[in-house]
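All remarks here apply to the structure that follows.
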Amino acid sequence: MDGGIKVIVKWSGKEYEISDLSESDTVSTLKNAIHKETCVLPERQKLLNLKFKGKTPDDDLHLSALKLKPGFKIMMMGSLEQDIADASAPPEDMPEVINDLDIEEEEVAIENKEVYLAKIERRIREYKINILNEPRPGKKLLVLDIDYTLFDHRSAAETGYELMRPYLHEFLTSAYKDYDIVIWSATSMKWIEEKMKLLGVSSHSDYKVAFYLDSLAMISVHTPKYGVVQVKPLGVIWGKFTQYSSKNTIMFDDIRRNFLMNPGNGLKIRPFKQAHLNRDKDRELLRLAKYLQEIAHEEDLGSLDHKYWEKYRPKKKKRERIGDESGDKSQS
Ligand code: MG
């Protein structure tokens with residue numbers, strides 16, 4: 001049999017096909033081929049899931065030893081020389097990139113709701129959740145997106161930490177006191193697990209993630225304005241776990257359309273992009289940790305308007321406020 005090998009390299013949000021390799025080539029040949037496609041130097045390439053006996057293979061190892069399946073996807077991290085130079089240069093004032101493709105809140109047409117509820121029912125029945133840590137009685141639920149919410153998946157870097165949103169672990173540690181934590185990403189389970197490992201989330205000692213949901217738990221809905229879009233219906237979780245409901249769930253995502261089936265429970269987070277430029281100033285997770293803590297005593301999270309989360313003030317006793325107002329009047 002001819003020993004032609006074809007693999008896909010996933011890097012910085014794009015996929016590159018590498019073919020023309022044979023079983024007798026080495027890891028070093030593979031890295032050179034990747035260099036040709038992506039311009040990332042072999043010594044800067046980190047091939048995350050390329051393993052030999054559980055370890056990173058040596059450069060002179062023959063590819064035949066890796067037993068790669070045809071079309072195997074290699075997840076790579078690695079920086080371009082130019083990007084490294086840019087990142088170490090003093091940051092300029094970059095205009096914030098606005099996501100034009102994002103969708104403003106749009107009510108799903110009533111006549112379609114039955115169809116979507118049926119899809120959700122099907123996910124509840126058929127989607128298998130692998131529980132990592134049992135839900136805790138009395139806790140609320142926090143559902144988190146990954147890409148651009150916790151992690152800048154488009155910038156190039158040599159380690160996951162460089163692309164992690166600042167204060168991620170502090171945020172999760174704080175949230176864990178009142179909320180069970182669920183990660184829901186529109187990618188595959190394999191990537192979710194890989195990323196959570198990379199960021200040190202899956203092994204953290206101060207908080208635990210209850211479970212992960214991937215793209216297969218999502219449903220497609222048709223909106224008059226934008227056509228067919230994929231969304232993350234919280235009903236899938238609510239149907240599987242009776243302790244969670246619209247009253248005690250909040251979900252963070254940088255894409256508002258993911259909330260279409262449950263707009264009252266979504267908080268649109270500012271996307272974390274251009275990690276190299278924004279790592280030092282992004283404090284979103286720190287501020288949101290405080291918000292989560294403040295609303296943890298609320299009886300119905302779905303009734304809050306999370307769009308104005310920055311304006312939220314914990315309810316004070318009414319009497320003080322009335323006192324202030326009458327005081328103002330007597331002054332004028
Ligand atoms: Mg995202």
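Only the coordinates and a few stated rules stand behind these numbers; no lab work does. Just so we're clear, the structure is a prediction, and the values are computed from it rather than from any experiment. As a convention, Cβ positions derive from the backbone with ideal geometry for all residues, glycine included, and neighbour counts pool all protein chains shown.
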- Item | Theoretical FRET efficiency, 1/(1+(r/R0)^6), r = Cβ-Cβ of residue 159 and residue 80, R0 22 Å, to 0.05 | 0.90
- Query: If one computes the Cα centroid of region 161-177 and of region 228-242, what distance in Å separates the two points?
  - Reply: 24 Å
- Query: Which residues does a label at residue 230 reach in region 141-166, if reach means a backbone N under 15 Å from a point 7 Å past the Cα toward the Cβ?
  - Reply: 145-148
- Task: Would you mind ranking 43, 294, 284 so that the residue whose beta carbon has the fewest other beta carbons within 10 Å leads the list?
- Result: 43, 294, 284
- Just rank 37, 194, fewest to most, by other beta-carbon atoms within 10 angstrom. 37, 194
- Per-pair calculated FRET efficiency, R0 = 25 Å: residue 134 and residue 311 via Cβ, rounded to 0.05: 0.10
- In debye, nearest 20, what is the charge dipole magnitude of region 241-280 about its Cα centre with +1 on Lys and Arg Cβ and -1 on Asp and Glu Cβ, if you could check? 100 debye
- Could you calculate the contour length gain from residue 51 to residue 39, that is, 0.36 nm times the residue separation minus the distance between their Cα atoms, to one decimal place in nm? 2.1 nm
- Item | For residue 26, residues with placed amide H under 5 Å, excluding near neighbours | 63
- Message: Tell me the net charge near residue 171. Cut-off is 12 Å between Cβ atoms, residue 171 excluded, with +1 for each Lys or Arg and -1 for each Asp or Glu.
- Response: +1
- ³J(HN,Hα) computed for each position of region 182-191 - Karplus, 6.51 cos²θ - 1.76 cosθ + 1.60, integer Hz, glycine/proline x: 10, 9, 10, 10, 7, 10, 8, 4, 4, 5
- Once you put a point 7 Å from the Cα of residue 20 and another 7 Å from the Cα of residue 6, both along the Cβ direction, what distance in nm separates them? 1.5 nm
- Query: Taking neighbour Cβ counts within 10 Å as the exposure measure, how do 231, 115, 209 sort from fewest upward?
  - Reply: 115, 209, 231
- Derived scalar couplings ³J(HN,Hα) [region 128-139; Karplus, 6.51 cos²θ - 1.76 cosθ + 1.60; whole Hz; x for Gly, Pro]: 8, 9, 9, 6, 8, 9, 4, x, 9, x, x, 8
